[in-house]
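*Asks:* Starting off with a structure, shown below.
The values are calculated or read from the model by the stated rules, or taken from the named source; none is laboratory data. Keep in mind that this is a model prediction, so the values were computed, not measured. Reconstructed Cβ throughout: ideal geometry from the backbone, glycine too, with neighbour counts over all protein chains shown. Heads up: the accessible areas ignore ligands, DNA and RNA and are worked out on the full protein's heavy atoms, side chains in. Shrake-Rupley method; radii C 1.70, N 1.55, O 1.52, S 1.80 Å.
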Amino acid sequence: MTARIVILHGAVVAALFLLQFAASDYVVLTATRIMVLAIYAIGYNILFGYAGLLSLGHAMFFATGLYAAALGVTRFGLGVPEAFLLAVLIGVAVSLAIGLIALRASGVAFMIVTLMFSQAAFLTVLYFGDYTRGDEGIVIPDTARMFSVLGLDVDLTDPLLRYNLALAFLALALAVSLAVVRSKVGHVLVAIRENEGRTAMLGYDVARYKLAAFVLSGAFAGFAGAAYAMMFAYAGSSLASIQYSIHPLLWTLLGGAATVLGPVLGTALMFMLVDFASGFTTASLLAVGVVLILLVLFFPKGILGSIRQRYLPWLP
């Protein structure tokens, strides 16, 4: 790994750390949400950007982590660390089970299968409304978000603590993503994306690599869902809807698929676009749509993807 790649990603993390000292409370809260959801997008990018598998079912894995964490602390009396770990493990197990089935299909069929599983999960959330509270959602009390670890008291109601914890999680997600995509696994995933038949002919177990990418992506989604529940004290059915399967796709495409920092940039830009447009018009999504069309026209591979193609070929 070259020094300039490490410096670039380190500079992004450092800039986000310094932001909290200059930003308003609203910006800190928004940036915290962006960083948590960017982890979700980073995981999606591994599957879509590098392996070339377009999933429309990732809201299922995000919701798995979300509800596992929320129910763990509200109904089963678990502490935050235990509930968080449980949520991630369940997210991995669910993504493994779904991956073994969904990856039997390919192309459009794969997309449809993942969408069907996700919609089934969404309807399951609504059906078991006595536990999930459906559209109303689960509100986690403040007392359940306070815990001790290694002798230190942690209070997730503290905005700055949440911000720095989200930043630490984001830095970890970037490091894992960077390590994966620059490893042999990452190179094989790219080869599968470009020509699956030729990759198989070279002797690689394509099915195993695709399943690994699917499970890793689902683990990221479950991790992000658990973090969202714990940090924002809420788990609702809207976060399990098809909208939250489309969001990571848009964030990844906007920032640049198959770039490590692309999903982070795309998530931040989408949030800022919606926030800015809503201040001028009630048709904020229409304005966002126009901007996205322009970006696609001038940056067909996403912002960082196009920059890499034209100016910085070393960007991972």
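*Asks:* Working carefully through the options Leu66, Leu100, Leu89, find the one that is more than 17 Å from the chain's Cα centre (by Cα) and of a type outside the set (S, T, N, Q).
*Replies:* One residue alone meets the criteria, Leu100.
*Asks:* Residues that are open to solvent by less than 20 Å² (accessible area, probe 1.4 Å) and touching a helix residue (DSSP H, G or I) at 6+ places or on another chain (Cβ under 7 Å), at least 2 per element: which helices (runs of 4 or more DSSP H) completely within the range 1-118 meet that? Don't jump to the end; show me each part of the working.
*Replies:* Details: elements: 3-19, 25-45, 58-74, 80-102.
Filter on the range 1-118 gives 25-45, 58-74, 80-102.
*Asks:* Tell me, please, whether a residue that is under 21 Å from Arg4 (Cβ atoms) and touching a residue at least 60 places away in the same chain (Cβ under 8 Å) can be found in the range 292-314. Please lay out each step first, then the result.
*Replies:* Our first condition is that a residue be under 21 Å from Arg4 (Cβ atoms); within the range 292-314, this holds for 301-314.
Imposing the further condition that a residue be touching a residue at least 60 places away in the same chain (Cβ under 8 Å) reduces the set to 314.
Looking through the range 292-314, at least one residue is under 21 Å from Arg4 (Cβ atoms) and touching a residue at least 60 places away in the same chain (Cβ under 8 Å).
*Asks:* Just one of (1) under 20 Å from the mean Cα position of the chain (by Cα); (2) under 16 Å from Arg162 (Cα atoms) trips up Ala83, so point out which.
*Replies:* (2)
*Asks:* Also, quick follow-up: Suppose we keep only residues that are of a type in the set (Gly, Ala, Ser) and within 24 Å of the chain's Cα centre (by Cα) within the range 194-218. Which one would you say is nearest to Ala63 (Cα to Cα)?
*Replies:* Gly218
*Asks:* So which residues in the range 275-303 are more than 12 Å from Leu254 (Cα to Cα), open to solvent by 50 Å² or more (accessible area, probe 1.4 Å) and not acidic (Asp, Glu), if there are any at all? I'd like the intermediate steps shown before the answer.
*Replies:* Going through the range 275-303, the residues more than 12 Å from Leu254 (Cα to Cα) turn out to be 275-287, 290.
Add one more test, that the residue is open to solvent by 50 Å² or more (accessible area, probe 1.4 Å), and what stays is 275-276, 278-282, 285-286, 290.
The answer is Phe276, Ser278, Gly279, Phe280, Thr281, Thr282, Leu285, Leu286, Val290.
*Asks:* Turning to a different aspect of this structure: If you go through the range 238-246 one residue at a time, do you hit one that is modelled with pLDDT of 90 or more, of a type outside the set (Phe, Trp, Tyr) and outside any helix (DSSP H, G or I)?
*Replies:* So in the range 238-246, the residues modelled with pLDDT of 90 or more come out as 238-246.
Remaining after also requiring of a type outside the set (Phe, Trp, Tyr): 238-243, 245-246.
Next cut, outside any helix (DSSP H, G or I) only: 241-242.
Yes, some residue in the range 238-246 is modelled with pLDDT of 90 or more, of a type outside the set (Phe, Trp, Tyr) and outside any helix (DSSP H, G or I).
*Asks:* With respect to Phe271, determine if the residue is among the hydrophobic types (A, V, I, L, M, F, W, C) and without any contact (Cβ under 8 Å) to a residue 40 or more places away in the chain.
*Replies:* Criteria not met by Phe271.
Each row is one residue, and each column tells you yes or no for (1) farther than 17 Å from Ile46 by Cβ; (2) touching a Gly at 6+ places or on another chain (Cβ under 7 Å); (3) of a type in the set (A, V, I, L, M).
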site	(1), (2), (3)
Leu178	no, no, yes
Glu194	no, no, no
Ala200	yes, no, yes
Leu211	no, yes, yes
Phe214	no, yes, no
Phe220	no, yes, no
Ala240	yes, no, yes
Ala277	yes, no, yes
Ser284	yes, no, no
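*Asks:* Could I ask something else about it? Among the listed residues Leu89, Leu96, Leu19, which satisfies the condition of being in contact (Cβ under 8 Å) with a residue 40 or more places away in the chain and among the hydrophobic types (A, V, I, L, M, F, W, C)?
*Replies:* One residue alone meets the criteria, Leu96.
*Asks:* Right, here's the next one. Scan the range 280-309 residue by residue and report those that are assigned to a helix (DSSP H, G or I), at pLDDT 90 or above and not polar (S, T, N, Q).
*Replies:* Within the range 280-309, the subset assigned to a helix (DSSP H, G or I) is 284-298, 303-309.
Adding the requirement that they be at pLDDT 90 or above leaves 303-309.
Passing the criteria: Ile303, Leu304, Gly305, Ile307, Arg308.
*Asks:* Is it the case, given these coordinates, that Val154 is under 27 Å from Ala31 (Cβ atoms), in contact with a Phe, Trp or Tyr (Cβ under 7 Å, 6 or more places away or on another chain), aliphatic (A, V, I, L, M) and surrounded by fewer than 18 Cβ atoms within 10 Å (Cβ to Cβ)? Break it down into steps so the answer makes sense when it comes.
*Replies:* Details: under 27 Å from Ala31 (Cβ atoms): yes; in contact with a Phe, Trp or Tyr (Cβ under 7 Å, 6 or more places away or on another chain): yes; aliphatic (A, V, I, L, M): yes; surrounded by fewer than 18 Cβ atoms within 10 Å (Cβ to Cβ): yes.
It is true that Val154 is under 27 Å from Ala31 (Cβ atoms), in contact with a Phe, Trp or Tyr (Cβ under 7 Å, 6 or more places away or on another chain), aliphatic (A, V, I, L, M) and surrounded by fewer than 18 Cβ atoms within 10 Å (Cβ to Cβ).
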